[in-house]
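Please read the structure below before turning to the comments.
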Amino acid sequence: MVDGLLDRLGVPASAYTNGNHPIHTPIDGSVIASVHLESKAQVVGKIDQAEKAFQAWRNVPAPRRGELIRLFGEVLREHKAQLGELVSVEAGKITQEGLGEVQEMIDICDFAVGLSRQLYGLTIASERPGHHMRETWHPLGVVGVISAFNFPVAVWAWNTALALVCGNAVVWKPSEKTPLTALACQALFEKALKAFGDAPEGLSQLIVGDREAGQVLVDDPRVPLVSATGSTRMGREVGPRVAARFGRSILELGGNNAMILAPSADLDLAVRGILFSAVGTAGQRCTTLRRLIVHRSIKDEVIARVKAAYGKVRIGDPRKDNLIGPLIDKQSFQAMQDSLARARDEGGIVFGGERQLQQDYPNAYYVAPAIVEMPAQTEVVRHETFAPILYVLAYDEFEEALRLNNEVPQGLSSCIFTTDLREAERFQSAAGSDCGIANVNIGTSGAEIGGAFGGEKETGGGRESGSDSWKAYMRRQTNTVNYSRELPLAQGIVFD
């Protein structure tokens, strides 16, 4: 299923055959490859190589570093179809979402190329005569990237494109569930390195490993920044371990995202927004819509329209003309069923959620998306289940809707559908949504490269991708230059 794809992407057969870790495709559950998990010593060795590469790369002018990323973007354009198909096979995404993820990689490359000429500092007024102050930004070191299965290539690219133009080296530990796409990305990056010509060896390192390999990366003091994407549980382990050695972390963790659907909303628009946000990627996005907070006056109509839309959604092989592919594995399916059972116990009315296509794919886990009418925001609603479950809550007053939006531990994405200007502005104000992303008349899912991506509370607080996220990959330095023949002290202090 993947041999030809990996060959065209430049991955040698030795990297994915005869290994000690089987890789299953969620499409039918079959084994498509077996990779070699790396030992602790091998991980340490790759960090060694990255550290040496950083020592040289930090001295390369930033626009020249940008040229490497420009070349990588061109390689990605050349291989977009093949890499997108591999994403579909290994992660179970439908074709358009697989291609869209590779397009995100291309977009962040374009962004980073421009950024390589805009790593701006500041000129600061000095209180002392004959003195000049400025603020500059310098490369940080080796950046560790730990990524999850649901976006197996884009999240690495978000981090790597920025880290490299900022002058750092990168060590990447992908999910054990999706190492083949990582092997392909590394091969494509090496193609760009070859075209670039004189980058230091070891600039981008790939670790195919398990939890122990990730811990080595997290604990190594030569890795000043660890960017980790995954569950809140994972973040609770990674964050303190990195902080214990005074390292930095970018944590992109859980999301329990809500839409407030106001009585003035354009319901045709809203239903389209609900459909993609709630069932795209089979509900396995950190920005997936999980809570629909709908005004009581329109609740019954909205539920009926969403159920009708769900009934038309095609479920099946993601490489064919379908809109929902499989869950990643049995564990994910069981977590979904457990949450639906809890919802029933807490007073919920469940529609959908059943396993689909079991006779055709006995070892794969396709599901019908679920809609659950809840009497209140109970514990199961406050918990993120990485599956297509949409909890529906009714509200009467706008302040109640805002409270429900914010009364969960997570704080990634949120949105409101309304044509009331006051509601829209209040939602985006300091007294509105407490999430890192707050949209108006757009769903919770589908962020653009230009904005900083990330959230608050148990989502971790980190930011990736656009805006000034690049600053996380650099160290700030304040410089003062005395060009006079005197030595006045700050604050007018006299020390004779």
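Every number in this text was worked out from the coordinates using simple rules, so none of it is lab data. Everything numeric here is computed off the predicted structure, so don't read it as measured data. Backbone-built Cβ (ideal geometry, glycine too); neighbour counts: all protein chains shown.
Between segment 453-496 and segment 216-263, what is the separation of their alpha carbon centroids in Å? The two parts, judged by their Cα centres, are 23 Å apart.
Calculate how large, on average over all directions, the projected area of the Cα convex hull of the chain is; give the answer in nm² to one decimal.
Working: hull surface 107.0 nm².
Projected area, direction-averaged: 26.7 nm².
Between the helical axis of 40-57 and the longest alpha-carbon principal axis of the chain there is an angle of about 50 degrees. A helix-only calculation puts the chain at -12000 deg cm²/dmol for mean residue ellipticity at 222 nm, using -39500 (n - 2.57) for each DSSP H run of at least four residues, averaged over all residues. Kirkwood radius for segment 257-440, taken over all pairs of different Cα atoms as the inverse mean of 1/r, rounds to 16.6 Å. Seen from a random direction on average, the alpha-carbon convex hull of segment 172-226 projects onto 4.2 square nanometres.
Given +1 at the Cβ of Lys and Arg, -1 at the Cβ of Asp and Glu and no other charges, the dipole of segment 257-440 around its Cα centre is 580 debye to the nearest 20. Where both bridge residues fall in the chain, DSSP classifies roughly 40% of the beta bridges as antiparallel. Working note: Cα atoms of segment 260-325, range along each principal axis, descending, whole Å: 40, 24, 15. Expressed per residue, the C-alpha convex hull volume of segment 26-180 stands at 137 Å³. For segment 6-46, the Kirkwood hydrodynamic radius comes to 11.6 Å, computed from all pairs of different C-alpha atoms. Projecting the Cα atoms of Val306, Pro318, Pro388 onto the dipole axis of segment 257-440, where Lys and Arg carry +1 and Asp and Glu carry -1 at the beta carbon, places Pro318 farthest toward the positive end.
Do me a favour and compute the ellipsoid semi-axes for segment 351-455 from its Cα gyration tensor, root of five times each eigenvalue, largest one first, whole Å.
Values: eigenvalues 177, 63, 32 Å².
Equivalent ellipsoid of segment 351-455: 30, 18, 13 Å, largest first.
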